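Here the structure comes first, spelled out in structure tokens, and everything after it is commentary.
The values are calculated or read from the model by the stated rules, or taken from the named source; none is laboratory data. Please read these numbers as outputs of a predicted model, since none were measured by experiment. Positions of Cβ are backbone-derived with ideal geometry, glycine not excepted, and every protein chain shown enters the neighbour counts.
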Amino acid sequence: MNHIGVHAAVWAGGWSDAERRHAIAESKAAGYDYIELMMFDPHAIDVSATRALLDAAGLGVTSSLGLRWDNDISSEDPAVVARGEALLGDVIATNAKLGSRYVVGVIYSALGKYNQPATPRGRANCVAALRRLARHAADDGITLGLEVVNRYETNLFNTAAQALEIVSEIGAPNVGVHLDTYHMNIEEDDFDEPVRICGDKLVYVHIGESHRGYLGSGNVDFATFFRVLNECNYHGPIAFESFSSAVVSPDISNTLGVWRNLWTDNRDLARHAKAFMDRLRTPSNGARVR
């Protein structure tokens, strides 16, 4: 059975004491197995307080982030790459203390629109940095998931096939592909083949609608996607991700262009999403999707 999680941005724009208490309590009440933290700044996470709340609620945790222009490990500038590698090292260390086993997202480039293609030198810098970070992460039992995002959020790769190429170059057993239905809906030809070609290199999944609102209200082919996950025996985490200007995190809202209220009732949104995913994880014969 997959563990089903919810992105912290559904509940809060930051991680203050009040925000983490609210996010963790609501995630548990909505029936989720874990919460995915935004970790642009690992030093802003109160590890002991967060872990205590997670343990009390019986919730797991993962983390995601995107790099910025000044710490882009796909840069040609060694100083910029070094800043990004240091940040990711801190993120990995913080996740280990939290008991997390996954660090995912755009951890290979800046999260934003580039005005030119990736360069061979920048790509090589990224591969080398992630190879080193993977060794560090392996020591803590952490898997790194490289999220496949659309052309407006990275220039390094935008499809599962392209992501597999760089995962192969890195050559670390704890580095894999992170698929996101929102981005697949923009870049992939369908929702079947990307899952199949990833095989056991698929390590993490984001479930998001075409407009990032309520699941089932846009044009993402969730039925096909969940069917193929089942057929391919995907056992990894699945996290619901949605954004609205009703919950503002400047770090992510401005970068992703979250300019409108796609929802205002996050409790209803999260519970609807959990029920929606549970239905699709249940094949017609009544057996639960693994």
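Structure values in brief
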{"item": "Residue that is surrounded by the fewest Cβ atoms within 10 Å (Cβ to Cβ) [pool: residues in the stretch 212-249 that are in a loop (DSSP other than H, G, I, E, B) and among the β-branched types (V, I, T)]", "result": "V248"}
{"item": "Candidate set: the stretch 54-84, residues that are surrounded by fewer than 16 Cβ atoms within 10 Å (Cβ to Cβ) and of a type in the set (D, E); chosen: the one farthest from G122 (Cα to Cα)", "result": "D55"}
{"item": "Single residue of S100, S27, S74, S64 found to be within 25 Å of V247 (Cα to Cα) and part of a loop (DSSP other than H, G, I, E, B)", "result": "S100"}
{"item": "Selection from the stretch 30-48 of residues that are under 29 Å from A110 (Cβ atoms) and part of a helix (DSSP H, G or I)", "result": "P42, H43, A44, V47"}
{"item": "Which numbered condition M39 fails, given (1) without any contact (Cβ under 8 Å) to a residue 12 or more places away in the chain; (2) of a type in the set (A, V, I, L, M, F, W, C); (3) surrounded by 19 or more Cβ atoms within 10 Å (Cβ to Cβ)", "result": "(1)"}
{"item": "Test: residue in the stretch 6-28 that is out of contact with any Cys (no Cβ under 8 Å at 6 or more places or on another chain), under 29 Å from A160 (Cα atoms) and hydroxyl-bearing (S, T, Y)", "result": "no"}
{"item": "Residues satisfying the stated conditions in the stretch 234-284, i.e. under 22 Å from G105 (Cα atoms), modelled with pLDDT of 90 or more and of a type in the set (S, T, N, Q)", "result": "S242"}
{"item": "Residues located in the stretch 133-163, provided they are of a type in the set (G, A, S) and in contact with a His (Cβ under 6 Å, 6 or more places away or on another chain)", "result": "G145"}
{"item": "Residue, nearest to W15 (Cα to Cα), within the stretch 227-271, restricted to residues that are under 17 Å from the mean Cα position of the chain (by Cα) and among the aromatic types (F, W, Y)", "result": "F243"}
{"item": "Answer residue from the stretch 190-211, given it is surrounded by fewer than 19 Cβ atoms within 10 Å (Cβ to Cβ) and assigned to a helix (DSSP H, G or I) and is nearest to the chain's Cα centre (by Cα) among those", "result": "K201"}
{"item": "Matching option when the condition is of a type in the set (F, W, Y), without any contact (Cβ under 8 Å) to a residue 60 or more places away in the chain and closer than 23 Å to V103 by Cα, among Y182, Y214, Y234, Y204", "result": "Y182"}
{"item": "Contacts under 6 angstrom Cβ, first residue in the stretch 85-103 being farther than 26 Å from A124 by Cα, partner modelled with pLDDT of 95 or more and acidic (D, E), 6 or more apart", "result": "A96/D140"}
{"item": "Test: residue in the stretch 120-139 that is part of a loop (DSSP other than H, G, I, E, B), out of contact with any strand residue (DSSP E or B) (no Cβ under 9 Å at 6 or more places or on another chain) and without any contact (Cβ under 8 Å) to a residue 60 or more places away in the chain", "result": "no"}
